[in-house]
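Reviewing the structure listed below.
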Amino acid sequence: MGEAPAHRDDGLRKPWGTIVAFLLPAVTIYVALTAYPAVRTLWNSFHKVLPRRDEYVGLANYVELAGDEIFWKAVRNTIVWACTSPLVEVSVAMLLALALYAKVPGARFFRVAWFTPVLMSYVVVGILWLWIYNYDWGPVNAALRALGLGALAHPWLGDPATALPSLIFVTSWMWTGFNMVVLLAALHSLPREVIEAAELDNCGWGGKLVFVILPLTRATVLNLIVLSFIGKMKIFDLVWITTKGNPLWATETVSTYVYKRAFEWTTFDLGYPSTIATVWFVIVLTTVLAMTWAFRRREKLEF
Amino acid sequence: MRVGGRSALVAISLGVLAWAAAAAQAKELTFWSHWAAELPKREFVEAVIKEFEAKNPGTTIKATWYEKTALYAGLKTALRAGQAPDIFYAEPDQAEYMDNGFLLDLSGLDWSKVEPWAKEAWTHKGKPYGLPLEAWTMELYYNTKMMEGLGVQVPDNRQMSPDAFMDMVKKAKAKGITPMALGVGDRPYPGAHLTHEALVKRLGTDDYDKLLRGKLPWTDPRVVDTLKWIRSLTEAGLLPNTFSTLKLAEAHVYFHTNPGALTFLNGSWYTSRAFNPVDKGGQPKDFPLGIMQFPAVPGAVCNECRTIAIGGSYVANAETKNRKEVLAFLGTFLSQEVGNRWLEKVQVQTGIKTDASKVKDTQAAAYFSMIEKTNAGAKYYFGIPIQVMTGKPKEVYIQVFNNAFPAGIISVEDAVKQQAAAY
């Protein structure tokens, strides 16, 4: 009787050596490459960080940031991008996925063709669309001229009114295929019996879409929206390749502004760019948590 | 056997010692430079490196070639981490290098071989920090045949009046020719050439300097009037419709090859791209190149004022462990013979004292003769605005006066207001 608890303790004793051995590599990498840079960025934001010397400046960087017009332009552009692009991408992707699900003629070809843009890097995509938007000989203006709509020909990336929408269109074009493939997989995994039950109830295509398919794919759609939103909040490559934030900061994003402040302004100070990064991290994190909370009330999200 | 074994041991020991001594003497200097794609400059520097290595056995230079943006980004992190090369490319506007003590004082070089104004450009708190290899002036290039075809005469002093220049723009536009090839797709300065060349003439060098440093308001009526004059030129169709996205290399090709423009406002380093072989973006072999001055500006106090700048230079890392070798290498550039070789090969001015009359290449000689004529009697301002400005004024200047203002997407009043608010 008296020995039984001792046996239980032996059985429950955790193999700490093994646990540490397995966790250590991952924890080391996480601490070195994620946790430390994040904490250091926060620390930098309260300092003027110059080579060989750091100078504590308290909240001065945050005060300067609050009055930094360029930063707020970049915030506005990034938020517009992050709010519009996911909706366009996911809704068009759903239409394309439904077309493939319904096995339209040439479905196999279209699946590959629509997915191809996501296989290209932003550098290639950027150069490609610089050509497409070229004023003199780009296909967009050439098509307009061929249709007798030459008056609508436009320097698409050179006008503050059209530059950002033009780039948003590019990211939507690029990522719609990815969303389409994920949604197509979700459509194929829908429970067959539910679809058949709807068909037995004389439910047409529209009815099946609204009352069966969309509700059942809701979690996937929401996951895609959140993922796309996060991606657009960090957008850098495409802007850097095409416009570098021009004209008049019309395409400036927070990421491009951080890079400019860190590496292109004639200063070595990393404190102010760290402040921008910190504030933006808080904004992105808060927004994603809010979206997760809002969506989770009805669906479980995984990303 | 025993004796043989000892001998072998001694021989091996001596060999090891000799190897160790040689290894201790052998030094490798690291060298990072822009101009990966500008072959004449690169070949010139590579020749100097070989010359230095031949004169200094045991010391080698490990050169790495970059494009400027990548080089600058790499240097910023390398300098901070204490891993910067011994010698690297820089331009005089990079005062942050000197402010943070990253550059070696180059007082030990023979500065009598350098033009005083070029040394001045690299002098910070009384000490010289850079070898001013490349120097350039703002030039207005034109296609002489196209100009003749339009019936436009370039005056003997090579400077058109404001009215004549506007007439030229209108005539070119009427014939479907782009009057001036300029593009800001990948550079923060070409679009601003129009503004700064006009303003330095209108204000004179002293007031112009005050303007750039925020000591003269951008709302000054002289500034506003000059910008309105520039706006009248852009509204008359001075620039290509692709101005906003046209890259520097493309602007060169736009001017001399396809579709062909009447003029091209550029630094005198035009040659480093245009004098390349045609298949590497160079101008056609028989291209009728002419150079004139930027036009006279209405109300100008100094129509002979113009910009001169020091471009590509070499500096040394303050933390180098090879100071003596670094100074010796930089010193290799400092002779009239090497300077003349730069003129001949690169066909751009240099801060090293040279004798252009000794240039043998006919194309280069003709080019420098034209440069000499357009610069006769010139009064110089040193540096383009982005080399003088820093921080927010510089960022706003790039966005407003390099991009938006010449593109016609911002009014004169808004441009002035935004720039004034940046100081």
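A few comments on the model shown:
- For segment A:71-173, the set of trypsin sites (Lys or Arg not before Pro) satisfying both a DSSP loop assignment and a count of at most 15 other C-beta atoms within 10 Å is given as A:LYS103.
- Candidates A:TRP131, A:TRP205, A:TRP249: whichever shows maximal mean-square fluctuation once chain A is modelled as a Gaussian network with Cα springs under 10 Å: A:TRP205
- Options A:VAL104, A:GLY206, A:THR287, ranked by Cα towards positive dipole end of segment A:66-296, top entry (Cβ charges): A:VAL104
- Cα-based reach from B:LYS379 at 24 Å (exclusive), listing lysines while leaving out same-chain residues under 8 positions away: B:LYS113, B:LYS119, B:LYS201, B:LYS210, B:LYS215, B:LYS353
- Per-residue average of Cβ from other chains inside 10 Å of A:260-271: 5
- Three-way shape call for segment A:1-139 based on the alpha-carbon gyration tensor, with the a/c threshold at 1.5: oblate
- Per-q log10 I(q)/I(0), segment A:66-296, q = 0.11, 0.16 Å⁻¹ (Debye; single scatterer per alpha-carbon; no solvent): -0.69, -1.16
- 3J(HN,Hα) along segment A:109-116: 5, 5, 4, 5, 4, 6, 7, 3 Hz, from the Karplus curve 6.51 cos²θ - 1.76 cosθ + 1.60 with θ = phi - 60°, whole Hz, x for Gly and Pro.
- Antiparallel DSSP beta bridges within the protein assembly as shown, as percent of all bridges there, nearest 5: 65
- Close amide H pairs (under 5 Å, H built 1.01 Å from N) link B:GLU139 with B:ASN266, B:GLY267, B:SER268, residues at least 5 positions away or on another chain.
- Label-to-label distance for A:THR34 and B:ASP225 is 6.4 nm, based on points extended 7 Å past Cα in the beta-carbon direction.
- Restricting the calculation to Cα atoms, every distinct pair contributes to the Kirkwood radius of segment B:237-375, found to be 17.7 Å.
- 222 nm mean residue ellipticity, helices alone, for the protein assembly as shown (DSSP H n ≥ 4; -39,500 (n - 2.57); rounded to 500): -16500 deg cm²/dmol
- In Hz, Karplus ³J(HN,Hα) per residue of segment B:42-54 (6.51, -1.76, 1.60; θ = phi - 60°; x = Gly, Pro): 4, 5, 4, 5, 4, 5, 5, 4, 4, 4, 5, 5, 5
- Whole-angstrom Cα spans of the protein assembly as shown along principal axes, big to small: 102, 99, 56
- Toward the positive end of the charge dipole of chain B, with +1 on the Cβ of Lys and Arg and -1 on the Cβ of Asp and Glu, the farthest Cα among B:GLN94, B:ALA309, B:ILE230 is that of B:GLN94.
- Model label sites at A:CYS83 and A:LEU23, defined 7 Å from Cα along the beta-carbon direction, differ in position by 4.2 nm.
- Value of D in µm² per second that Stokes-Einstein yields for chain B, Kirkwood Rh from Cα pairs, at 4 °C (1.567 mPa s): 56
- In sequence order, segment A:89-102 has phi-based couplings of 4, 6, 5, 5, 4, 5, 4, 5, 5, 5, 4, 6, 4, 7 Hz under the Karplus curve 6.51 cos²θ - 1.76 cosθ + 1.60, θ = phi - 60°, and Gly or Pro positions carry x.
- Amide hydrogen proximity for B:GLY383: with H placed 1.01 Å from N in the peptide plane, the residues at 5 or more positions away or on another chain lying under 5 Å are B:ILE308, B:ALA309, B:ILE310.
- Those trypsin sites (Lys or Arg not before Pro) in segment B:276-306 that DSSP places in a loop and that have at most 10 other beta carbons within 10 Å: B:LYS285
- Long-range amide H partners of B:ASN317 with built H, under 5 Å: B:ILE87, B:PHE88, B:LEU104
- Counting only Cβ charges, +1 for Lys and Arg and -1 for Asp and Glu, the dipole size of chain B around its Cα centre is about 660 debye.
- Think of it this way: in the protein assembly as shown, A:CYS83, A:CYS203 stand alone, with no other Cys Cβ under 4.7 Å.
- Across all Cα pairs in segment B:97-209, the calculated P(r) in 5 Å bins from zero up to the longest distance comes to 2, 8, 13, 14, 14, 14, 11, 8, 6, 6, 3, 0 percent per bin.
- C-alpha center-to-center spacing [segment B:363-423, segment B:82-160] in angstrom: 15
- Note on A:VAL194 and A:LEU119: the model spin-label points, each 7 Å out from Cα along the C-beta direction, lie 3.3 nm apart.
- Of all segments of chain A bounded by GluC sites (Glu not before Pro) found in a DSSP loop with no more than 10 other C-beta atoms within 10 Å, the longest spans A:4-301.
Read the figures in this text as sums done on the coordinates, not as results from a lab. Just so it is clear, the model here is predicted, and its values are computed rather than measured. As a convention, Cβ positions derive from the backbone with ideal geometry for all residues, glycine included, and neighbour counts pool all protein chains shown.
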